[in-house]
Amino acid sequence: MMVKKYKATIEKIECVIEGVHTVTFSSDGKRFRYSPGQFLHIAIDSEYDGIGQWPESRCFSMQTSPEEEFVKITYAVKGDFTKQMEEVLKEGEGVWLKMPYGELFELGHDTSNTVFISGGTGITPYLSLFTDSSFSNYKNPVLYAGYRNKDFNIYTKELNKATSINSEFKINNVYENEVGMLNIEKIYKENGNNPCYFISGPPVMINLFKQKLIAFGVADTNVYTDEWE
């Protein structure tokens, strides 16, 4: 799919918990075109006119299905760019987006036995699949989603939609303050060598979990990671 620039309008900014924001964009004239699991670049330079050299930007996963009119992203305020986003992004104002990028779910994986593992906002690329009608084609998909605590699980609406699309979908929410961090050994013991494993979250978690799964005997071709950061 060809990468395009979109002049978008910020429809809504939600801050359910401090330091984590969900932003909803509409497109000014062009419908957003992308596939589940892909990501966008957002540029917040107010001087950019859409013609010159693309300015500084950051990547964020799209958490909405391509079937929806709007695009949503969720970001945590961690560095200078996201701090600036928190300060300058306002509802009703314009911003430039460039998309789509990535091929997380485009590599021909087996949909009959799939395990999704996410840490924090790493769940967002999965949500664009889970809320898409194509998710009904998956057989007994399983999610292990790790959060600091229940306050950080702000995706109930999307996950409820996912279970309505696929009644076989099994969701395991893991809260660090209650039972500790996600345990890749436990996940492996519950699922074994055969599934396609997807891992998304902090880079340290992604690398460690991938190494562990391969060491346990999972084929490296069955481990998919979301590592564009």
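The values are calculated or read from the model by the stated rules, or taken from the named source; none is laboratory data. It should be emphasised that the depicted structure is a prediction, and the values quoted were computed from it without experimental measurement. Cβ: placed from backbone, ideal geometry, glycine included. Neighbour counts: every protein chain shown. The area values use the complete protein model at the heavy-atom level, side chains included, leaving out ligands, DNA and RNA. Shrake-Rupley method; radii C 1.70, N 1.55, O 1.52, S 1.80 Å.
In order along region 196-201, phi translates into HN-Hα couplings of 8, 9, 10, 10, 9, x Hz, rounded to whole numbers, per the Karplus curve 6.51 cos²θ - 1.76 cosθ + 1.60 with θ = phi - 60° and x for Gly and Pro.
In this structure, the amide hydrogen of residue 224, modeled 1.01 Å from its nitrogen in the peptide plane, lies closer than 5 angstrom to those of 197, 198, 199, counting only residues at least 5 positions away or on a different chain.
Using the Cα atoms as the points, what is the convex hull volume per residue of region 144-218 in Å³? Write down the numbers at each step before the final one.
Numbers: hull volume 7.6 nm³, N = 75.
Residue-normalised Cα hull volume stands at 102 Å³.
Surface composition of the chain: carbon and sulfur atoms hold 46% of the protein heavy-atom accessible area at a 1.4 Å probe.
Each stretch of four or more DSSP H residues adds -39500 (n - 2.57); spread over every residue of the chain, this sum gives -6500 deg cm²/dmol at 222 nm.
Loop only by DSSP, 10 or fewer other Cβ within 10 Å of the Cβ. Give me the GluC sites (Glu not before Pro) in region 1-63 that pass, ordered by residue number. Write out the running numbers ahead of the final one.
Values: sites: 11, 14, 18, 47, 56; in loops: 18, 47, 56.
Passing both the DSSP loop test and the Cβ count: 18, 47.
P(r) for the chain, from all Cα pairs and a bin width of 5 Å, is 1, 6, 14, 18, 20, 16, 11, 7, 4, 1, 0 %, short bins first.
The residues of region 108-229 expose, per residue, 48 Å² of accessible area to a 1.4 Å probe.
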